[in-house]
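A short write-up of the structure that comes next.
The values are calculated or read from the model by the stated rules, or taken from the named source; none is laboratory data. As the structure is a computational prediction, the values presented were derived from the model and not from experiment. Note that each Cβ is placed from the backbone with ideal geometry, even for glycine, and that neighbours are counted across all protein chains shown. These area figures cover heavy atoms from the full protein model, side chains too; ligands, DNA and RNA do not enter into them. Shrake-Rupley method; radii C 1.70, N 1.55, O 1.52, S 1.80 Å.
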Amino acid sequence: MRVISKRTLKDFWLSSPQHQGSKAQLEAWHSEAIKAHWNSPQDIKAQFRSASILKNNRVVFNIAGNKYRLIVAIDYKREACFIKFIGTHKQYDQINAETV
């Protein structure tokens with residue numbers, strides 16, 4: 001998969017000293033995602049059992065033991081995932097994951 005864009009992840013872990021602890025987990029997720037060949041939501045669930053599949057080809061990944069939430073939009077045909085949101089669990093609760 002092509003991940004668009006890793007810079008969003010990097011900006012997040014650099015944005016606050018509190019978020020620096022997410023760097024290793026976000027880099028690990030990115031490393032797994034770029035190697036993946038997800039053709040369906042079932043492929044994602046097979047690799048990341050705790051991922052939540054939403055409408056509009058959105059997927060929510062739990063990062064760092066669910067301390068952070070990562071929302072991506074998947075284009076299965078083009079093998080691309082677009083980072084839509086990365087934030088704390090509290091920040092995630094304040095958004096609509098299907099439209100962000």
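Within segment 8-35, work out how many residues are more than 19 Å from E98 (Cβ to Cβ), open to solvent by 50 Å² or more (accessible area, probe 1.4 Å) and polar (S, T, N, Q).
Selection size over segment 8-35: 4.
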| field | Failed item, numbered, when L70 is tested on (1) over 18 Å from V3 (Cβ atoms); (2) open to solvent by less than 40 Å² (accessible area, probe 1.4 Å) | value | (1)
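So that you can scan it fast, the table gives a plain yes or no per residue for (1) free of Cβ contacts under 8 Å to residues at least 24 places away in the same chain; (2) in contact with a His (Cβ under 6 Å, 6 or more places away or on another chain):
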position	(1), (2)
M1	no, no
R7	yes, no
W13	yes, yes
E32	yes, no
A36	no, no
N39	no, no
A46	yes, no
I53	yes, no
| Inside segment 74-83, can you point out the residues that are surrounded by fewer than 18 Cβ atoms within 10 Å (Cβ to Cβ) and within 10 Å of the chain's Cα centre (by Cα)? | F82
| Of (1) in a helix (DSSP H, G or I); (2) crowded, with 18+ Cβ neighbours inside 10 Å; (3) touching a Phe, Trp or Tyr at 6+ places or on another chain (Cβ under 8 Å), W38 satisfies all except one. Which? | (1)
| Selected residue (criterion: modelled with the lowest pLDDT) from residues of segment 16-32 that are in a helix (DSSP H, G or I), farther than 17 Å from N66 by Cβ and out of contact with any helix residue (DSSP H, G or I) (no Cβ under 8 Å at 6 or more places or on another chain) | P17
| message | Take the residues in segment 53-67 that are in a strand (DSSP E or B) and under 21 Å from S31 (Cβ atoms); name whichever of them is most open to solvent (accessible area, probe 1.4 Å). | response | N62
